[in-house]
Amino acid sequence: MAIRQSGVDNYGQRSGVGRSLNKMRPRLLILFLALSMSSAEQRTTQEECIAEHPALLHLFSWIDYSVLAVMLLVSCLIGTFYAFCSKKQETSQDFLLGGSSMGTLPMAMSLAASFITAIELLGNPAEMYAQGTQFWMTCFAFILVIPITSRLYLPVYMKLRLTSSYEYLNLRFHRHCRLLASGLYMLQMILYTSVAVYAPALALSHVTGLDTYVAVSLVYVVCIFYASQGGMKAVIMTDTFQAVVLLVSLFVIVGLGMAKAGGMSSVWRDSLHTDRIELFIMDPRPTVRHSFWSVVVGGTFYWATMFCSNQASVQKYLSVQSIGQVRTALWVSALSLILIYTINFLTGMVLFTAHKTCDPLRASHISGMDQLLPLYVMNFMGEYPGIPGLFVAGIFAASLGTVASALNSLAALTCEDILQGLFRFQVPASKGAAYARWISIFFGALSFAFVFVVERLGSVLQV
(Lines give C-alpha, C1' and ligand atoms only; values in the text may rest on other atoms or scores of the structure.)
Protein backbone atom coordinates (compact mmCIF):
# COMPACT_ATOMS: atom_id res chain seq x y z
CA MET A 1 0.00 0.00 0.00
CA ALA A 2 2.90 2.31 0.82
CA ILE A 3 4.54 1.65 -2.51
CA ARG A 4 1.26 2.34 -4.39
CA GLN A 5 0.74 5.56 -2.42
CA SER A 6 4.31 6.57 -3.07
CA GLY A 7 3.89 5.81 -6.74
CA VAL A 8 0.84 8.03 -6.93
CA ASP A 9 2.59 10.81 -5.10
CA ASN A 10 5.61 10.57 -7.41
CA TYR A 11 3.34 10.57 -10.48
CA GLY A 12 1.46 13.50 -9.08
CA GLN A 13 4.65 15.41 -8.43
CA ARG A 14 5.89 14.79 -11.98
CA SER A 15 2.70 15.68 -13.79
CA GLY A 16 0.79 17.94 -11.40
CA VAL A 17 -2.38 15.90 -12.04
CA GLY A 18 -2.52 14.41 -8.55
CA ARG A 19 -2.39 17.81 -6.88
CA SER A 20 -5.04 19.17 -9.27
CA LEU A 21 -7.38 16.27 -8.54
CA ASN A 22 -6.95 16.71 -4.81
CA LYS A 23 -7.84 20.40 -5.12
CA MET A 24 -10.84 19.70 -7.37
CA ARG A 25 -12.42 16.99 -5.20
CA PRO A 26 -14.10 19.40 -2.74
CA ARG A 27 -15.41 21.50 -5.65
CA LEU A 28 -16.75 18.45 -7.46
CA LEU A 29 -18.43 17.28 -4.26
CA ILE A 30 -20.07 20.68 -3.80
CA LEU A 31 -21.19 20.71 -7.45
CA PHE A 32 -22.61 17.21 -7.13
CA LEU A 33 -24.52 18.13 -3.96
CA ALA A 34 -25.83 21.33 -5.62
CA LEU A 35 -27.05 19.41 -8.66
CA SER A 36 -28.70 16.79 -6.44
CA MET A 37 -30.43 19.49 -4.41
CA SER A 38 -31.49 21.31 -7.58
CA SER A 39 -32.91 18.09 -9.03
CA ALA A 40 -34.78 17.40 -5.78
CA GLU A 41 -36.13 20.96 -5.73
CA GLN A 42 -37.29 20.60 -9.34
CA ARG A 43 -39.09 17.36 -8.49
CA THR A 44 -40.70 19.02 -5.47
CA THR A 45 -41.70 22.06 -7.53
CA GLN A 46 -43.16 19.83 -10.23
CA GLU A 47 -45.12 17.81 -7.66
CA GLU A 48 -46.46 21.02 -6.09
CA CYS A 49 -47.31 22.29 -9.57
CA ILE A 50 -49.31 19.14 -10.38
CA ALA A 51 -51.09 19.31 -7.00
CA GLU A 52 -52.00 23.01 -7.29
CA HIS A 53 -52.93 22.92 -10.99
CA PRO A 54 -54.97 19.83 -11.88
CA ALA A 55 -54.73 18.65 -15.48
CA LEU A 56 -58.36 19.28 -16.44
CA LEU A 57 -61.00 20.99 -14.31
CA HIS A 58 -63.96 21.08 -16.71
CA LEU A 59 -65.34 19.12 -19.65
CA PHE A 60 -67.70 20.06 -22.47
CA SER A 61 -71.28 20.61 -21.30
CA TRP A 62 -74.50 20.33 -23.31
CA ILE A 63 -74.51 24.14 -23.69
CA ASP A 64 -71.05 24.01 -25.29
CA TYR A 65 -72.19 21.31 -27.70
CA SER A 66 -75.25 23.43 -28.52
CA VAL A 67 -73.14 26.49 -29.37
CA LEU A 68 -70.96 24.39 -31.67
CA ALA A 69 -74.02 22.77 -33.27
CA VAL A 70 -75.59 26.17 -34.00
CA MET A 71 -72.45 27.34 -35.81
CA LEU A 72 -72.36 24.19 -37.94
CA LEU A 73 -76.11 24.34 -38.63
CA VAL A 74 -75.99 27.96 -39.80
CA SER A 75 -73.08 27.10 -42.12
CA CYS A 76 -75.17 24.31 -43.66
CA LEU A 77 -78.21 26.58 -44.00
CA ILE A 78 -76.18 29.18 -45.91
CA GLY A 79 -75.08 26.46 -48.35
CA THR A 80 -78.68 25.24 -48.66
CA PHE A 81 -79.93 28.75 -49.43
CA TYR A 82 -77.44 29.34 -52.26
CA ALA A 83 -77.98 25.83 -53.62
CA PHE A 84 -81.77 25.77 -53.74
CA CYS A 85 -83.25 29.20 -52.94
CA SER A 86 -80.92 31.62 -54.71
CA LYS A 87 -80.46 32.19 -58.44
CA LYS A 88 -79.77 28.84 -60.10
CA GLN A 89 -76.11 28.16 -60.81
CA GLU A 90 -75.68 26.34 -64.11
CA THR A 91 -72.29 27.32 -65.56
CA SER A 92 -68.90 26.69 -63.99
CA GLN A 93 -68.42 30.49 -63.99
CA ASP A 94 -71.47 30.88 -61.73
CA PHE A 95 -70.42 28.07 -59.42
CA LEU A 96 -66.68 28.79 -59.17
CA LEU A 97 -66.65 32.61 -59.29
CA GLY A 98 -70.10 33.46 -57.94
CA GLY A 99 -71.02 35.14 -61.19
CA SER A 100 -68.71 38.05 -60.22
CA SER A 101 -71.58 39.47 -58.18
CA MET A 102 -70.28 39.33 -54.61
CA GLY A 103 -69.93 42.34 -52.32
CA THR A 104 -66.63 43.91 -51.24
CA LEU A 105 -66.92 43.32 -47.49
CA PRO A 106 -67.99 39.64 -47.68
CA MET A 107 -65.14 38.95 -50.09
CA ALA A 108 -62.65 40.69 -47.79
CA MET A 109 -63.84 38.74 -44.74
CA SER A 110 -63.76 35.49 -46.71
CA LEU A 111 -60.22 36.25 -47.85
CA ALA A 112 -59.04 36.82 -44.28
CA ALA A 113 -60.87 33.72 -43.02
CA SER A 114 -59.23 31.50 -45.63
CA PHE A 115 -55.76 32.72 -44.56
CA ILE A 116 -56.28 32.01 -40.84
CA THR A 117 -56.04 28.31 -40.12
CA ALA A 118 -56.92 26.50 -36.91
CA ILE A 119 -53.24 25.54 -36.59
CA GLU A 120 -52.31 29.24 -36.38
CA LEU A 121 -55.06 30.02 -33.87
CA LEU A 122 -53.67 27.36 -31.54
CA GLY A 123 -50.00 27.82 -32.44
CA ASN A 124 -49.57 31.60 -32.34
CA PRO A 125 -50.55 32.06 -28.65
CA ALA A 126 -48.30 29.12 -27.74
CA GLU A 127 -45.45 30.69 -29.72
CA MET A 128 -45.89 33.97 -27.83
CA TYR A 129 -46.03 32.05 -24.54
CA ALA A 130 -42.74 30.27 -25.23
CA GLN A 131 -40.74 32.62 -27.46
CA GLY A 132 -41.92 36.23 -27.08
CA THR A 133 -43.44 38.92 -29.27
CA GLN A 134 -40.98 39.04 -32.18
CA PHE A 135 -43.19 36.83 -34.36
CA TRP A 136 -45.95 39.49 -34.15
CA MET A 137 -43.89 41.56 -36.58
CA THR A 138 -45.19 39.37 -39.39
CA CYS A 139 -48.03 41.94 -39.37
CA PHE A 140 -45.63 44.29 -41.16
CA ALA A 141 -45.50 41.74 -43.96
CA PHE A 142 -49.25 42.15 -44.54
CA ILE A 143 -48.79 45.89 -45.07
CA LEU A 144 -45.91 45.33 -47.51
CA VAL A 145 -47.69 42.63 -49.52
CA ILE A 146 -50.89 44.57 -50.32
CA PRO A 147 -49.24 47.17 -52.64
CA ILE A 148 -47.33 44.37 -54.40
CA THR A 149 -50.57 42.47 -55.01
CA SER A 150 -52.56 45.57 -56.01
CA ARG A 151 -50.06 47.00 -58.48
CA LEU A 152 -48.25 44.03 -59.98
CA TYR A 153 -50.59 41.04 -59.97
CA LEU A 154 -54.17 42.23 -59.66
CA PRO A 155 -54.35 44.18 -62.97
CA VAL A 156 -53.32 41.02 -64.85
CA TYR A 157 -55.96 38.83 -63.19
CA MET A 158 -58.76 41.38 -63.56
CA LYS A 159 -57.93 42.02 -67.21
CA LEU A 160 -57.71 38.36 -68.24
CA ARG A 161 -60.55 37.11 -65.98
CA LEU A 162 -59.18 33.56 -65.94
CA THR A 163 -60.89 31.01 -63.71
CA SER A 164 -57.54 29.27 -63.13
CA SER A 165 -54.64 31.55 -62.24
CA TYR A 166 -52.28 28.98 -63.78
CA GLU A 167 -53.84 29.52 -67.19
CA TYR A 168 -51.69 32.66 -67.28
CA LEU A 169 -48.62 30.40 -67.36
CA ASN A 170 -50.05 28.78 -70.48
CA LEU A 171 -50.49 32.16 -72.16
CA ARG A 172 -47.12 33.47 -71.03
CA PHE A 173 -44.93 30.36 -71.29
CA HIS A 174 -46.16 26.89 -72.19
CA ARG A 175 -48.96 24.39 -71.52
CA HIS A 176 -46.58 22.06 -69.66
CA CYS A 177 -45.61 24.87 -67.27
CA ARG A 178 -49.28 25.45 -66.50
CA LEU A 179 -49.94 21.76 -65.84
CA LEU A 180 -46.87 21.40 -63.61
CA ALA A 181 -47.81 24.39 -61.42
CA SER A 182 -51.46 23.33 -61.26
CA GLY A 183 -50.57 19.74 -60.36
CA LEU A 184 -48.22 20.85 -57.57
CA TYR A 185 -50.87 23.15 -56.11
CA MET A 186 -53.49 20.41 -56.17
CA LEU A 187 -51.16 17.94 -54.45
CA GLN A 188 -50.23 20.53 -51.83
CA MET A 189 -53.84 21.45 -51.02
CA ILE A 190 -55.09 17.86 -50.78
CA LEU A 191 -52.37 17.03 -48.26
CA TYR A 192 -52.50 20.37 -46.43
CA THR A 193 -56.26 20.37 -45.81
CA SER A 194 -55.95 16.97 -44.11
CA VAL A 195 -53.35 18.34 -41.70
CA ALA A 196 -55.25 21.63 -41.24
CA VAL A 197 -58.31 19.71 -40.00
CA TYR A 198 -56.64 16.82 -38.16
CA ALA A 199 -54.09 18.86 -36.17
CA PRO A 200 -56.57 21.13 -34.32
CA ALA A 201 -59.04 18.27 -33.86
CA LEU A 202 -56.29 16.23 -32.21
CA ALA A 203 -55.28 19.13 -29.94
CA LEU A 204 -58.88 19.80 -28.94
CA SER A 205 -59.65 16.14 -28.25
CA HIS A 206 -56.86 15.87 -25.68
CA VAL A 207 -58.24 18.59 -23.45
CA THR A 208 -61.95 18.95 -24.23
CA GLY A 209 -63.00 15.32 -24.39
CA LEU A 210 -64.31 15.87 -27.95
CA ASP A 211 -63.53 12.76 -30.01
CA THR A 212 -60.97 13.41 -32.76
CA TYR A 213 -62.77 11.43 -35.44
CA VAL A 214 -66.12 13.00 -34.60
CA ALA A 215 -64.57 16.49 -34.87
CA VAL A 216 -62.85 15.71 -38.19
CA SER A 217 -65.98 14.09 -39.63
CA LEU A 218 -68.17 17.05 -38.65
CA VAL A 219 -65.82 19.51 -40.33
CA TYR A 220 -65.68 17.54 -43.57
CA VAL A 221 -69.39 16.72 -43.77
CA VAL A 222 -70.46 20.32 -43.20
CA CYS A 223 -67.74 21.74 -45.42
CA ILE A 224 -68.29 19.35 -48.34
CA PHE A 225 -72.03 20.03 -48.15
CA TYR A 226 -72.03 23.80 -48.40
CA ALA A 227 -68.97 24.08 -50.67
CA SER A 228 -70.33 21.55 -53.17
CA GLN A 229 -73.95 22.70 -53.10
CA GLY A 230 -73.67 26.46 -52.87
CA GLY A 231 -70.43 27.11 -54.78
CA MET A 232 -68.36 30.28 -54.39
CA LYS A 233 -71.33 32.32 -53.14
CA ALA A 234 -71.90 29.90 -50.27
CA VAL A 235 -68.16 29.73 -49.53
CA ILE A 236 -67.82 33.52 -49.30
CA MET A 237 -70.97 34.11 -47.26
CA THR A 238 -70.25 31.20 -44.92
CA ASP A 239 -66.68 32.43 -44.50
CA THR A 240 -68.07 35.85 -43.55
CA PHE A 241 -70.31 34.31 -40.89
CA GLN A 242 -67.47 32.12 -39.62
CA ALA A 243 -65.10 35.11 -39.50
CA VAL A 244 -67.57 36.86 -37.18
CA VAL A 245 -67.75 33.74 -34.95
CA LEU A 246 -63.97 33.55 -34.95
CA LEU A 247 -63.49 37.21 -33.98
CA VAL A 248 -66.15 37.03 -31.26
CA SER A 249 -64.52 33.93 -29.75
CA LEU A 250 -61.07 35.54 -29.81
CA PHE A 251 -62.31 38.76 -28.17
CA VAL A 252 -64.22 36.85 -25.47
CA ILE A 253 -61.25 34.63 -24.62
CA VAL A 254 -58.71 37.46 -24.44
CA GLY A 255 -61.18 39.76 -22.60
CA LEU A 256 -62.02 37.22 -19.91
CA GLY A 257 -58.37 36.18 -19.73
CA MET A 258 -57.23 39.76 -19.13
CA ALA A 259 -59.84 40.22 -16.41
CA LYS A 260 -58.79 37.01 -14.64
CA ALA A 261 -55.09 37.93 -14.91
CA GLY A 262 -55.58 41.31 -13.21
CA GLY A 263 -55.76 43.56 -16.26
CA MET A 264 -53.56 44.53 -19.17
CA SER A 265 -50.92 46.18 -16.97
CA SER A 266 -50.37 42.99 -14.98
CA VAL A 267 -50.13 40.84 -18.11
CA TRP A 268 -47.75 43.28 -19.78
CA ARG A 269 -45.56 43.50 -16.67
CA ASP A 270 -45.17 39.71 -16.43
CA SER A 271 -44.07 39.46 -20.06
CA LEU A 272 -41.79 42.49 -19.77
CA HIS A 273 -39.98 41.17 -16.69
CA THR A 274 -39.27 37.85 -18.44
CA ASP A 275 -37.91 39.53 -21.61
CA ARG A 276 -40.79 38.34 -23.77
CA ILE A 277 -41.46 41.82 -25.16
CA GLU A 278 -39.01 42.03 -28.05
CA LEU A 279 -39.22 43.74 -31.44
CA PHE A 280 -36.80 44.53 -34.28
CA ILE A 281 -34.25 41.83 -33.52
CA MET A 282 -31.77 42.51 -36.33
CA ASP A 283 -29.51 39.51 -35.67
CA PRO A 284 -28.80 38.02 -39.16
CA ARG A 285 -27.85 34.54 -37.93
CA PRO A 286 -30.14 31.81 -39.33
CA THR A 287 -30.02 30.01 -35.98
CA VAL A 288 -32.12 32.76 -34.34
CA ARG A 289 -35.70 31.50 -34.06
CA HIS A 290 -37.38 34.82 -34.97
CA SER A 291 -35.67 37.95 -36.28
CA PHE A 292 -36.63 40.94 -38.42
CA TRP A 293 -35.17 39.18 -41.46
CA SER A 294 -37.03 35.91 -41.08
CA VAL A 295 -40.33 37.34 -39.85
CA VAL A 296 -40.70 40.54 -41.89
CA VAL A 297 -38.61 39.89 -45.02
CA GLY A 298 -39.25 36.16 -45.12
CA GLY A 299 -42.87 36.72 -44.11
CA THR A 300 -43.35 39.13 -47.01
CA PHE A 301 -42.27 36.46 -49.49
CA TYR A 302 -44.50 33.87 -47.80
CA TRP A 303 -47.59 36.08 -47.72
CA ALA A 304 -46.92 37.21 -51.29
CA THR A 305 -47.53 33.62 -52.39
CA MET A 306 -50.83 33.63 -50.48
CA PHE A 307 -52.11 36.99 -51.72
CA CYS A 308 -50.55 37.17 -55.19
CA SER A 309 -50.73 33.70 -56.71
CA ASN A 310 -52.83 31.41 -54.52
CA GLN A 311 -55.67 29.97 -56.61
CA ALA A 312 -58.25 30.31 -53.82
CA SER A 313 -57.38 34.00 -53.44
CA VAL A 314 -57.52 34.71 -57.17
CA GLN A 315 -60.97 33.14 -57.44
CA LYS A 316 -62.23 35.44 -54.70
CA TYR A 317 -60.75 38.47 -56.45
CA LEU A 318 -62.73 37.54 -59.54
CA SER A 319 -65.96 37.17 -57.56
CA VAL A 320 -66.43 40.98 -57.65
CA GLN A 321 -66.84 43.34 -60.58
CA SER A 322 -64.13 45.99 -60.33
CA ILE A 323 -60.45 46.20 -59.45
CA GLY A 324 -61.27 48.99 -56.97
CA GLN A 325 -63.43 46.59 -54.97
CA VAL A 326 -60.59 44.08 -54.76
CA ARG A 327 -58.09 46.72 -53.64
CA THR A 328 -60.43 47.84 -50.87
CA ALA A 329 -61.03 44.22 -49.88
CA LEU A 330 -57.28 43.55 -49.75
CA TRP A 331 -56.72 46.33 -47.20
CA VAL A 332 -59.74 45.22 -45.14
CA SER A 333 -58.47 41.63 -45.09
CA ALA A 334 -54.94 42.76 -44.17
CA LEU A 335 -56.22 44.86 -41.27
CA SER A 336 -58.38 41.92 -40.15
CA LEU A 337 -55.34 39.63 -40.17
CA ILE A 338 -53.33 42.17 -38.15
CA LEU A 339 -56.19 42.36 -35.62
CA ILE A 340 -56.39 38.56 -35.34
CA TYR A 341 -52.61 38.17 -34.95
CA THR A 342 -52.55 40.92 -32.30
CA ILE A 343 -55.33 39.25 -30.30
CA ASN A 344 -53.51 35.93 -30.69
CA PHE A 345 -50.33 37.33 -29.16
CA LEU A 346 -52.17 39.11 -26.36
CA THR A 347 -53.74 35.73 -25.61
CA GLY A 348 -50.24 34.24 -25.46
CA MET A 349 -49.26 36.88 -22.87
CA VAL A 350 -52.36 35.98 -20.85
CA LEU A 351 -51.36 32.31 -21.03
CA PHE A 352 -47.95 33.14 -19.61
CA THR A 353 -49.41 35.09 -16.69
CA ALA A 354 -51.80 32.22 -15.94
CA HIS A 355 -49.11 29.53 -16.08
CA LYS A 356 -45.99 31.38 -14.91
CA THR A 357 -45.75 29.25 -11.76
CA CYS A 358 -46.56 25.95 -13.45
CA ASP A 359 -45.76 25.11 -17.07
CA PRO A 360 -48.42 22.59 -18.23
CA LEU A 361 -45.97 20.96 -20.62
CA ARG A 362 -43.36 20.28 -17.90
CA ALA A 363 -46.12 19.12 -15.56
CA SER A 364 -47.19 16.61 -18.27
CA HIS A 365 -50.70 18.04 -18.42
CA ILE A 366 -50.32 18.39 -22.19
CA SER A 367 -48.18 16.57 -24.73
CA GLY A 368 -47.66 19.49 -27.12
CA MET A 369 -47.78 23.28 -27.10
CA ASP A 370 -50.75 23.34 -29.48
CA GLN A 371 -52.85 22.00 -26.58
CA LEU A 372 -51.94 24.91 -24.29
CA LEU A 373 -54.75 27.29 -25.29
CA PRO A 374 -57.53 24.64 -25.21
CA LEU A 375 -56.34 23.54 -21.76
CA TYR A 376 -56.42 27.16 -20.53
CA VAL A 377 -59.93 27.71 -21.89
CA MET A 378 -61.27 24.53 -20.29
CA ASN A 379 -59.62 25.16 -16.90
CA PHE A 380 -60.03 28.90 -16.52
CA MET A 381 -63.26 29.52 -18.47
CA GLY A 382 -65.05 26.19 -18.25
CA GLU A 383 -67.08 27.62 -15.35
CA TYR A 384 -68.82 29.98 -17.81
CA PRO A 385 -71.47 28.00 -19.74
CA GLY A 386 -71.00 28.19 -23.50
CA ILE A 387 -67.55 29.83 -23.53
CA PRO A 388 -65.62 26.59 -24.29
CA GLY A 389 -68.21 25.85 -26.98
CA LEU A 390 -67.73 29.30 -28.49
CA PHE A 391 -63.95 28.79 -28.48
CA VAL A 392 -64.19 25.41 -30.24
CA ALA A 393 -66.72 26.90 -32.68
CA GLY A 394 -64.11 29.54 -33.57
CA ILE A 395 -61.47 26.84 -34.15
CA PHE A 396 -63.93 24.85 -36.28
CA ALA A 397 -64.79 28.01 -38.21
CA ALA A 398 -61.12 28.46 -39.15
CA SER A 399 -60.90 24.82 -40.31
CA LEU A 400 -64.11 25.13 -42.34
CA GLY A 401 -62.92 28.32 -44.06
CA THR A 402 -59.60 26.75 -45.03
CA VAL A 403 -61.11 23.54 -46.41
CA ALA A 404 -64.04 25.18 -48.23
CA SER A 405 -61.75 27.57 -50.12
CA ALA A 406 -59.43 24.68 -50.98
CA LEU A 407 -62.26 22.51 -52.34
CA ASN A 408 -63.57 25.31 -54.51
CA SER A 409 -60.12 26.06 -55.90
CA LEU A 410 -59.44 22.35 -56.57
CA ALA A 411 -62.72 22.11 -58.50
CA ALA A 412 -61.71 25.14 -60.58
CA LEU A 413 -58.29 23.71 -61.43
CA THR A 414 -59.74 20.32 -62.33
CA CYS A 415 -62.31 21.86 -64.69
CA GLU A 416 -59.94 24.35 -66.31
CA ASP A 417 -56.46 22.80 -66.17
CA ILE A 418 -57.08 19.05 -66.10
CA LEU A 419 -60.27 18.46 -68.09
CA GLN A 420 -59.78 21.27 -70.61
CA GLY A 421 -56.02 21.89 -70.43
CA LEU A 422 -54.77 18.29 -70.21
CA PHE A 423 -57.51 16.12 -71.73
CA ARG A 424 -58.89 18.79 -74.11
CA PHE A 425 -62.40 18.06 -72.86
CA GLN A 426 -64.76 21.00 -73.18
CA VAL A 427 -67.23 21.05 -70.29
CA PRO A 428 -70.72 21.96 -71.60
CA ALA A 429 -71.75 25.37 -70.27
CA SER A 430 -75.10 24.05 -69.06
CA LYS A 431 -73.41 21.30 -67.04
CA GLY A 432 -70.42 23.26 -65.71
CA ALA A 433 -71.86 23.70 -62.22
CA ALA A 434 -72.78 20.02 -62.00
CA TYR A 435 -69.23 18.95 -62.93
CA ALA A 436 -67.71 21.36 -60.42
CA ARG A 437 -70.12 20.17 -57.71
CA TRP A 438 -69.16 16.51 -58.08
CA ILE A 439 -65.47 17.36 -58.29
CA SER A 440 -65.75 19.26 -54.98
CA ILE A 441 -67.34 16.23 -53.35
CA PHE A 442 -64.59 13.96 -54.73
CA PHE A 443 -61.75 16.12 -53.40
CA GLY A 444 -63.47 16.50 -50.04
CA ALA A 445 -63.74 12.73 -49.70
CA LEU A 446 -60.12 12.31 -50.83
CA SER A 447 -58.87 14.86 -48.30
CA PHE A 448 -60.90 13.14 -45.56
CA ALA A 449 -59.33 9.79 -46.48
CA PHE A 450 -55.86 11.29 -46.15
CA VAL A 451 -56.59 12.14 -42.50
CA PHE A 452 -56.15 8.45 -41.70
CA VAL A 453 -52.73 8.58 -43.39
CA VAL A 454 -51.70 11.81 -41.64
CA GLU A 455 -52.39 10.37 -38.18
CA ARG A 456 -49.75 7.68 -38.78
CA LEU A 457 -46.97 10.04 -39.89
CA GLY A 458 -45.74 11.08 -36.46
CA SER A 459 -46.10 14.40 -34.66
CA VAL A 460 -48.13 17.21 -36.19
CA LEU A 461 -45.06 19.44 -36.37
CA GLN A 462 -43.21 16.87 -38.48
CA VAL A 463 -46.22 16.42 -40.76
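Go through the range 250-283 residue by residue and tally those that are closer than 12 Å to residue 352 by Cβ and either free of Cβ contacts under 8 Å to residues at least 40 places away in the same chain or part of a helix (DSSP H, G or I) (or both).
Taking the range 250-283 and keeping what is closer than 12 Å to residue 352 by Cβ, we get 257, 261, 266-277.
Filter again for either free of Cβ contacts under 8 Å to residues at least 40 places away in the same chain or part of a helix (DSSP H, G or I) (or both), leaving 257, 261, 266-273.
Number satisfying all stated conditions: 10.
If I ask for residues that are surrounded by 20 or more Cβ atoms within 10 Å (Cβ to Cβ) and not aliphatic (A, V, I, L, M), which ones from the range 207-224 would you list?
Passing the criteria: 208, 220, 223.
Taking the range 270-293 only, how many residues are touching a helix residue (DSSP H, G or I) at 6+ places or on another chain (Cβ under 9 Å) and either surrounded by 14 or more Cβ atoms within 10 Å (Cβ to Cβ) or under 28 Å from residue 374 (Cα atoms) (or both)? Lay out the reasoning, then the answer.
Applying the first criterion (touching a helix residue (DSSP H, G or I) at 6+ places or on another chain (Cβ under 9 Å)) to the range 270-293 yields 270-271, 274, 276-284, 286, 288-292.
In the following step, the residues that additionally are either surrounded by 14 or more Cβ atoms within 10 Å (Cβ to Cβ) or under 28 Å from residue 374 (Cα atoms) (or both) were identified as 270-271, 274, 276-279, 281, 288-292.
Looking only at that region, the number is 13.
Please work out if residue 447 is more than 16 Å from residue 96 (Cα to Cα), out of contact with any Pro (no Cβ under 8 Å at 6 or more places or on another chain), buried (at least 24 other Cβ atoms within 10 Å of the Cβ) and of a type in the set (S, T, N, Q).
Answer is yes for this residue.
Which of the residues spanning the range 94-146 are in contact with a Lys or Arg (Cβ under 7 Å, 6 or more places away or on another chain), surrounded by fewer than 22 Cβ atoms within 10 Å (Cβ to Cβ) and assigned to a helix (DSSP H, G or I)?
131
Looking at 319, 333, 367, 309, can you tell me which residue is touching a His at 6+ places or on another chain (Cβ under 8 Å), of a type in the set (Ser, Thr, Tyr) and either under 17 Å from residue 143 (Cβ atoms) or in contact (Cβ under 8 Å) with a residue 12 or more places away in the chain (or both)?
Answer to the check: 367.
In the range 169-183, what residues are crowded, with 19+ Cβ neighbours inside 10 Å and farther than 17 Å from residue 424 by Cβ?
169, 181
Output the number of the condition that residue 385 fails; it satisfies all remaining conditions of (1) under 18 Å from residue 229 (Cα atoms); (2) in contact (Cβ under 8 Å) with a residue 24 or more places away in the chain.
Exception for residue 385: condition (1).
Within the range 309-326, can you find the residues that are surrounded by fewer than 18 Cβ atoms within 10 Å (Cβ to Cβ) and not hydroxyl-bearing (Ser, Thr, Tyr)?
Result: 321, 323, 324.
Out of (1) surrounded by fewer than 18 Cβ atoms within 10 Å (Cβ to Cβ); (2) in contact (Cβ under 8 Å) with a residue 12 or more places away in the chain; (3) closer than 19 Å to residue 109 by Cα, the odd one out for residue 161 is which?
Unmet for residue 161, out of (1) surrounded by fewer than 18 Cβ atoms within 10 Å (Cβ to Cβ); (2) in contact (Cβ under 8 Å) with a residue 12 or more places away in the chain; (3) closer than 19 Å to residue 109 by Cα: (3).
Just the residues that are surrounded by 18 or more Cβ atoms within 10 Å (Cβ to Cβ) and not polar (S, T, N, Q), please, taken from the range 61-76.
64, 67, 68, 71, 72, 76
Against the definition (of a type in the set (Val, Ile, Thr), crowded, with 21+ Cβ neighbours inside 10 Å and at pLDDT below 90), how does residue 350 come out, yes or no?
no
Quick check on residue 255: is it of a type outside the set (Ser, Thr, Tyr), modelled with pLDDT under 85, out of contact with any helix residue (DSSP H, G or I) (no Cβ under 7 Å at 6 or more places or on another chain) and under 29 Å from residue 62 (Cβ atoms)?
Working: of a type outside the set (Ser, Thr, Tyr): yes; modelled with pLDDT under 85: no; out of contact with any helix residue (DSSP H, G or I) (no Cβ under 7 Å at 6 or more places or on another chain): yes; under 29 Å from residue 62 (Cβ atoms): yes.
Judged against the criteria, residue 255 is not a match.
Could you grab me the full set of residues in the range 364-390 that are under 18 Å from residue 200 (Cα atoms) and either modelled with pLDDT under 85 or of a type in the set (Lys, Arg) (or both)?
365, 366, 367, 368, 369, 370, 371
The values are calculated or read from the model by the stated rules, or taken from the named source; none is laboratory data. Bear in mind the structure is a predicted one, so any value in this text is a computation, not a measurement. In this analysis, Cβ positions are derived from the backbone assuming ideal geometry, glycine residues included, and neighbour counts consider all displayed protein chains.
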